[in-house]
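Working notes, beginning with the structure itself.
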Amino acid sequence: MLNVFGRQHQFCDQVNRRAFLKIGGFSLGAASGIGLADILRAQAGEKASQHKAVINIFLGGGPPHQDMWDIKVDAPREIRGEFSPIDTKVPGIQIGECFPLIAGMMDKFVAIRSVVGCVDNHDGYQCLSGWARNKDVSIGGRPCIGAVASRLQGPVNPSMPPSVALAAKTQHVPWSEPGAPGFLGAAYQPFKPDGQGMADLTLNGVSLDRLQDRKSLLGGLDQLKRNVDASGMLRGMDSFTQAAFGVLTSSKLAEALDLSKEDPKLRARYGDGKPYQFQYDGAPTVNEHILIARRLVEAGVRSVTLSFGRWDSHGQNFALVRDHGSKLDQAVTALVSDLEERGMLNDVTVVVWGEFGRTPRVNPGAGRDHWPQVSCALLAGGGMRTGQVIGSTNRLGEFAKDRPVHMQEIISTIYYNLGIDPRSTTLIDPTGRPQYLIEQREPIRELV
């Protein structure tokens, strides 16, 4: 962790401000390298023609599909549960009663009721990469979407990381999975600010003067490396190092994470998600993280991930869905409306999903247990054809009946929306072999 305090500096917007920034896990050591510098080096001269982005909202624990977007009106009560369907803005589409705001904006959303290919494991890895955590571990594992975007597209702005993970730390650690760089290496891992937010965005005891001294030292060490580098590969590193230090001395990232700069009326539209209920060892329902995600994307981030709530409802399923669902309903509709008002919705893909679904039959504790056979997802934005439902399950919600959608198809669609063609794009792994981003490489045909 670094904390920077400095003198008054003149920024490009002609505003003098005291520079401060907290950077978590940003390495300045010559041995471990500078992550952002590596990213910038890999993308020298490459400019994004437009800024596409994704906000990936992970519902850790496994949300109950039959209590959200796939209400089973014809099933027995022990299957159907307590909730009734409500009409939406799109004729013929009904969703669960806990989501009236989404129902009123259903023309902006897509509900997928037949997600398959889930692994029975409480882990966000699959929703952030499309792969199980144990896939290709011998070469470092598969990279997440944010790491791939960082590698292939680089930063939109040198002072903003391409990928940010907002998930608050959870006792069950995989529920706050930030997304792994996999075989791409640590240079492409998502930036993860401290879960406590802007109150900790400081770099303790390191002034800008001392930071410049460290920069000079790093430059001297790099010069030594250059002197013994017969290939010349280290030459030209200075420009990328300059850009990496630009993140440390820029206020743009700090401002994007600082909700005090946001209009109070807009903050009220998103809500704060409090009080936090049913959290246990999972994530809190931090509605404000969803607003911060929009601010980060607007500032130039390509991929933002976060974990919202703890949906592992082995008991009290219906009380949990009433609590988590109403908060999610408020925050997600505020996000989609906000993006549309800012002219960003067609460029930003929003996906809301969890690691698997839950059992059709309600257990004696009024809960639902793990059910990887079928799950659900809610999507918006990204230039997709919204206002529709894709797929269906059988009468009891046990398995996909019509149009099974593999979860990798959702990942492929996200890549496609980001401007990365999943059908042809490959990355070279550490053994020198090209690897496709995903096995199910076709985006969802109904959406693109």
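Of note:
- Relative contact order (%) - criterion: Cα under 8 Å, at least six apart; region: segment 70-155: 15 percent
- Above-threshold pairs, the threshold being 26 Å between Cα atoms, out of 261/327; 52/274; 265/327: 52/274
- Most to least packed among 99-111, 359-371 [average Cβ atoms within 10 Å]: 99-111, 359-371
- Take each peptide in 77-84, 112-119, 374-381, count the other Cβ atoms within 10 Å of every residue, and average; sorted highest first, the result is 374-381, 112-119, 77-84.
- Cα→Cβ-extended label distance, 7 Å offset, between residue 263 and residue 87, nm: 3.2 nm
- Ascending count of other beta-carbon atoms within 10 Å, so fewest first, for 272, 263: 263, 272
- Relative contact order for segment 290-401, counting Cα pairs under 8 Å that sit 6 or more residues apart, in percent: 24 percent
- For segment 253-339, relative contact order (Cα pairs under 8 Å, six or more residues apart, normalised by length) works out to 35 percent.
Any read-out appearing in this document is the output of simple, stated calculations on the displayed coordinates, not a laboratory observation. The model shown is predicted, which means the values in this text are computed figures rather than measured ones. No Cβ is skipped: glycine too gets one built from the backbone with ideal geometry, and neighbour counts run over all protein chains shown.
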